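Trainee: Before we start, here is the structure in question, set down as structure tokens.
The values are calculated or read from the model by the stated rules, or taken from the named source; none is laboratory data. Keep in mind the model is a prediction, meaning the values are calculated, not measured. Here the Cβ positions follow ideal geometry from the backbone for every residue, glycine too, while neighbour counts run over all protein chains shown.
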Amino acid sequence: MKIKTALLSAVAGIALMSGAQADVDPSDTVSIVVPYGPGGGFDRAVRGFAPYFSEALGGANVITENIPGAGGQRGSTEVSRSEPDGLTLGIFNLPGFALPAILGEEVGYDLRELSWIGRLESDDYVLIVAADSEIQTLDDLIAIDDLIITSTGYGSTVLAALQITASELGLAENDPIYLSGYGGTTDAIVGLIRGDGQVSMAPVSSVTPYLESGDVRALAMSGNQSLFEGVPTFAEAGYPGLTPLNLQRSIAGPPGIDDATLTQLRSAFMDVVQNEEYLEYAKSIGMNMSPMNGADTAADISSSFEFYERFSTSLENPN
Amino acid sequence: MPTSNSLARPTVLVSCFMLMLAITLLYLSQGFGRSSGMFPRFIGWVFVVLTAADVVVQLIAWYQRKLPETTETAITIKQLKSMGWLLGLVVALSIFGFLITIPAYIFTFLTWRAGHDKRRSAFIAIGALVFVWVIFVWLLDYELYAGLLLNNLS
Amino acid sequence: MLDSLVTATLYLADGVTLMYLMLGVLVGLLFGIIPGLGGATAIALLLPLTFGMEPEQAITLMGGIMGSSAIGGSVTAILLNAPGTAPNAATCFDGYPLTRQGKAGLAIGAAATASSLGGIVGVIVLVAILPMAKSLVLLFGPPAFFMLAVLGLVSLTISNNNMLRGLIAAALGLFIGFVGYDDMGGTLRFTAGIDYLWDGIKLVPALIGLFAIAEMIRLMVEGGAISKVDRNELGEVKGVGAGFKAVFKHPRTVLSGSFIGTLVGIVPGVGGTVASFLSYSFTVQSSRDSSQFGKGDIRGVIAPEAANNAKDGGSLIPTLAFGIPGSAEMALFLGVLVLHGMQPGPLLLIEREWSLLVLIIALLLATIASACVIAVATKYLIKITFVDSSILIPTVLSVALVGAYALEGSLGDVIMAAVFGVIGYVMIRLDYPRITLVIAIVLGGMMERNFIQSMLMFRSDWTGFFRDTTSLVIFTIIVMALALPVLGRIRRRVRNANV
């Protein structure tokens with residue numbers, strides 16, 4: 001017997017709930033597309049979610065499909081072009097997948113038109129310096145003439161976040177050097193620790209291990225509430241314009257899913273994210289759960305879009 | 001590393017082709033911006049110089065009759081035929097997918113080109129199909145490409 | 001540390017755990033043998049299946065795969081001149097000529113033994129330098145990475161017979177590496193509007209084409225079987241034992257190969273291909289009699305095989321120190337860890353010491369186990385080389401293309417492999433070195449990216465390359481690597497003149 005399907009049906013065979021008459025039958029297969037290769041943050045978010053989602057859908061087979069390529073665009077384009085029958089969904093990263101459109105590139109999807117099922121994670125951004133750096137406060141940072149910022153490449157969320165922060169803090173006037181091109185967020189952080197640059201930025205989930213080990217120090221973070229002792233939010237430090245800056249992972253289907261199916265999917269989603277067992281599991285694999293229902297997620301996407309569009313002139317490639 | 005088995009005129013032709021390629025790549029690299037174009041332009045120049053030197057070396061060797069005179073046409077025909085078999089495989093895969101093409105191709109190759117008897121060829125062809133199926137489809141749960149034909153029929 | 005070691009060993013002594021280890025070994029061997037698949041693909045495929053396992057069971061499984069895939073890959077490299085995985089490419093140079101001389105058993109035995117020893121040395125070095133892991137990783141910044149890429153490319157081209165052709169192959173390889181989206185400059189390069197090329201030309205399809213497919217084309221033209229020696233030669237089965245002993249007759253080769261492998265493994269992103277090639281190159285350069293390399297010198301098999309297993313130990317350094325994966329397998333391995341609730345990062349080693357020791361011991365056991373499996377299976381494997389090539393050709397072609405497709409489910413990879421097959425055959429006939437092309441593809445991105453980053457850091461002042469210590473040291477090595485052969489030749493000429 002196929003090993004994979006055996007395992008999955010075993011997990012899915014747990015407690016069939018009496019599902020309402022809806023458009024996704026327990027005999028259907030729902031596939032959630034991860035637009036990256038296996039092993040990354042998105043991959044684990046979906047794999048953890050899938051079995052619980054299957055249960056909430058009355059036992060329908062929920063599988064994870066990896067469609068990597070083109071920085072996530074191949075998978076997301078495929079999802080947005082698939083049949084809106086509720087059987088193909090995808091996990092989307094904001095602002096990552098919004099950036100290409102905002103930067104003026106051609107994309108195969110419009111985030112605002114997708115059928116949003118719900119938000120899983122929301123990660124605020126933290127502005128960091130190396131632990132042995134002389135920079136102690138935001139003011140110190142602004143005072144530096146020849147600033148070097150480490151970052152991942154053009155089109156990445158970290159670079160965009162840094163450019164937006166630089167714009168709000170007034171750093172852009174000093175013409176800082178963006179040392180971009182690091183392979184991943186952790187590479188940029190290690191580059192910071194090594195001293196290639198003086199400041200960087202990363203989502204909370206990426207930064208936490210390095211804060212805990214004492215290799216980096218946080219100057220400030222976005223969001224409404226600081227998660228770290230002694231670290232102010234941008235709002236508290238006097239820059240409220242940066243509060244909405246964050247990294248979100250949400251689930252959506254292609255545009256045009258009919259209301260009945262959408263409601264079914266959304267309510268199944270809410271069942272999962274209110275399940276204590278799931279939340280505990282999510283926490284154990286390092287997810288920063290911040291669930292939001294589908295309708296609110298859709299509204300939030302639009303306002304996020306506006307937020308990033310306001311900064312579109314700061315988001316040109318610095319190199 | 002294998003010793004060379006150069007053929008006279010094709011060697012010079014290939015060297016010229018490489019030079020043309022290098023010049024084209026260098027030309028295309030001019031269109032890239034600052035960061036994106038820096039390295040390609042630099043390597044492009046190096047590439048042009050190297051391929052030009054190679055053309056010169058080949059021409060000198062040819063002039064001095066150091067290269068074998070005859071292009072063995074028999075070998076060239078064999079080479080073209082081999083490429084043909086490869087191309088055929090790729091085309092067949094694209095249209096019919098893996099599970100049909102693999103046994104069909106192996107069978108055809110063995111009976112037609114290599115002259116093995118039909119029973120033996122069929123045996124090997126089926127054996128290969130079983131191997132691929134067991135490992136990729138059954139064990140690893142892959143969906144092997146079904147080919148344009150079948151994809152369009154469904 | 002000691003009690004974690006005890007815990008780890010006891011854990012592995014359990015029957016179920018050992019079963020997972022053997023499963024990993026068998027899967028790793030299989031994936032290693034099939035050209036195009038490799039350890040990374042195996043881990044990626046089995047990753048979701050580890051979902052229901054205990055974390056340490058998943059770790060053992062992964063260790064089994066990582067330790068055995070390079071040994072599996074050496075088999076096809078030696079028998080068919082088609083490396084099963086990229087790091088086995090250097091093994092072809094002397095492994096295949098040995099097969100043609102009917103000494104396949106010798107080569108496989110040596111490869112398996114060298115791999116085991118390399119893996120052991122790699123682990124020993126890993127454990128020894130682990131306390132310094134963080135500082136080691138921090139030594140390598142963009143300037144050092146750039147110099148390292150240059151070293152890799154230079155050492156290749158100078159060990160070539162035809163240096164001009166080698167340099168051309170390198171330049172071509174660099175351009176192949178340029179194809180795709182450049183995320184420093186933000187432009188698409190050389191893609192001609194084809195979506196498939198957005199991520200660039202992938203290494204594995206190119207490798208399948210350049211080696212496996214090109215070899216099959218060559219066989220189609222040449223005909224006959226691979227082994228040019230009469231079937232009645234009794235050498236083969238005893239050959240494995242001789243191969244085993246041969247490794248111990250060349251301790252310097254094994255050790256240098258292992259050390260180079262471990263050290264290169266420490267540098268994230270460089271990987272086994274470069275490690276095995278650098279090791280091969282170093283062995284050729286540093287041996288007094290290098291005339292037999294490329295014609296069946298057993299040291300040419302020992303050096304790269306030791307290196308490509310030793311690199312696993314090395315690649316754990318950046319992985320454990322900072323959570324930066326030292327290789328593709330490590331990247332996926334980190335994914336497995338996360339799936340099981342372990343956060344990669346500097347604290348991983350402290351918090352989950354015994355889990356990581358499980359990995360290290362599993363790696364060790366896997367290299368030894370897979371070497372034994374291969375040694376036993378050699379008798380049957382060698383028969384392949386006596387098989388009529390007409391049977392081999394269509395089957396290898398088919399399986400190789402399935403391997404190319406299996407990578408990402410893209411028909412484009414299949415076409416790319418075929419295209420590179422043709423390119424590879426042309427390169428064989430016209431004496432352009434294929435391995436140089438491959439290494440240039442591998443190193444090109446690293447070279448460019450780190451060059452630009454370094455120039456940004458130095459504000460365009462290139463003397464910065466000589467002010468960064470690690471960069472300066474590597475530069476010195478490059479100069480020595482270039483100068484030594486020349487000096488050697490001068491010295492020989494002086495000596496001959498004086499006679």
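Trainee: Which of the residues belonging to region A:147-203 are on the phi > 0 side of the Ramachandran plot and away from chain C (no Cβ under 11 Å)?
Mentor: Start the filter on region A:147-203 by keeping residues that are on the phi > 0 side of the Ramachandran plot, which leaves A:155, A:170, A:175, A:181, A:195.
Hits for region A:147-203 are A:Gly170, A:Asp175.
Trainee: Please determine whether any residue of region A:72-82 is buried (at least 21 other Cβ atoms within 10 Å of the Cβ), more than 18 Å from A:Tyr154 (Cβ to Cβ), touching a helix residue (DSSP H, G or I) at 6+ places or on another chain (Cβ under 7 Å) and touching a residue at least 12 places away in the same chain (Cβ under 8 Å).
Mentor: No: region A:72-82 contains no residue that is buried (at least 21 other Cβ atoms within 10 Å of the Cβ), more than 18 Å from A:Tyr154 (Cβ to Cβ), touching a helix residue (DSSP H, G or I) at 6+ places or on another chain (Cβ under 7 Å) and touching a residue at least 12 places away in the same chain (Cβ under 8 Å).
Trainee: Which count do you get for residues in region C:10-40 that are over 23 Å from C:Leu334 (Cβ atoms) and in a helix (DSSP H, G or I)? Write out each step before concluding.
Mentor: Restricting attention to region C:10-40, the residues satisfying the condition of being over 23 Å from C:Leu334 (Cβ atoms) are C:10, C:13-16, C:18-19, C:22, C:26, C:29-30, C:33-36.
Pick out the ones that are also in a helix (DSSP H, G or I) and you get C:10, C:15-16, C:18-19, C:22, C:26, C:29-30, C:33.
Residues that pass the stated criteria total 10.
Trainee: Any residue in region A:38-52 that is crowded, with 20+ Cβ neighbours inside 10 Å, in a strand (DSSP E or B), out of contact with any Lys or Arg (no Cβ under 8 Å at 6 or more places or on another chain) and modelled with pLDDT of 90 or more?
Mentor: No, every residue in region A:38-52 fails to be crowded, with 20+ Cβ neighbours inside 10 Å, in a strand (DSSP E or B), out of contact with any Lys or Arg (no Cβ under 8 Å at 6 or more places or on another chain) and modelled with pLDDT of 90 or more.
Trainee: Same structure again: Taking the conditions exactly as written (within 14 Å of chain A (Cβ to nearest Cβ) and either in contact (Cβ under 8 Å) with a residue 12 or more places away in the chain or not in a helix (DSSP H, G or I) (or both)), does C:Ala144 satisfy them or not?
Mentor: On the way: within 14 Å of chain A (Cβ to nearest Cβ): yes; either in contact (Cβ under 8 Å) with a residue 12 or more places away in the chain or not in a helix (DSSP H, G or I) (or both): yes.
Considered against the rule, which asks whether it is within 14 Å of chain A (Cβ to nearest Cβ) and either in contact (Cβ under 8 Å) with a residue 12 or more places away in the chain or not in a helix (DSSP H, G or I) (or both), C:Ala144 comes out as yes.
Here's the yes/no breakdown for (1) more than 27 Å from the chain's Cα centre (by Cα); (2) within 22 Å of C:Leu203 (Cβ to Cβ); (3) more than 8 Å from chain A (Cβ to nearest Cβ):
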position	(1), (2), (3)
C:Lys311	no, yes, yes
C:Ser315	no, yes, yes
C:Ala321	no, no, yes
C:Ser327	no, yes, yes
C:Ala331	no, yes, no
C:Leu337	no, no, yes
C:Gly341	yes, no, no
C:Pro344	no, no, no
C:Leu356	no, no, yes
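Trainee: For A:Gln225, only one of the following conditions fails: (1) surrounded by fewer than 20 Cβ atoms within 10 Å (Cβ to Cβ); (2) within 14 Å of chain C (Cβ to nearest Cβ). What is its number?
Mentor: In the conditions (1) surrounded by fewer than 20 Cβ atoms within 10 Å (Cβ to Cβ); (2) within 14 Å of chain C (Cβ to nearest Cβ), A:Gln225 misses (2) alone.
Trainee: Could you name every one of the helices (runs of 4 or more DSSP H) located completely within region B:16-131 that has at least 2 residues being exposed (fewer than 13 other Cβ atoms within 10 Å of the Cβ)? Before you say what the answer is, go through the steps one by one.
Mentor: Working: elements: B:34-63, B:73-96, B:98-108.
Counting at least 2 such residues, we get B:34-63, B:73-96.
Trainee: When you check C:Val479 against the structure, is it on the phi < 0 side of the Ramachandran plot, modelled with pLDDT of 85 or more and touching a Leu at 6+ places or on another chain (Cβ under 6 Å), yes or no? Before the answer, list the steps.
Mentor: Values: on the phi < 0 side of the Ramachandran plot: yes; modelled with pLDDT of 85 or more: yes; touching a Leu at 6+ places or on another chain (Cβ under 6 Å): no.
It is false that C:Val479 is on the phi < 0 side of the Ramachandran plot, modelled with pLDDT of 85 or more and touching a Leu at 6+ places or on another chain (Cβ under 6 Å).
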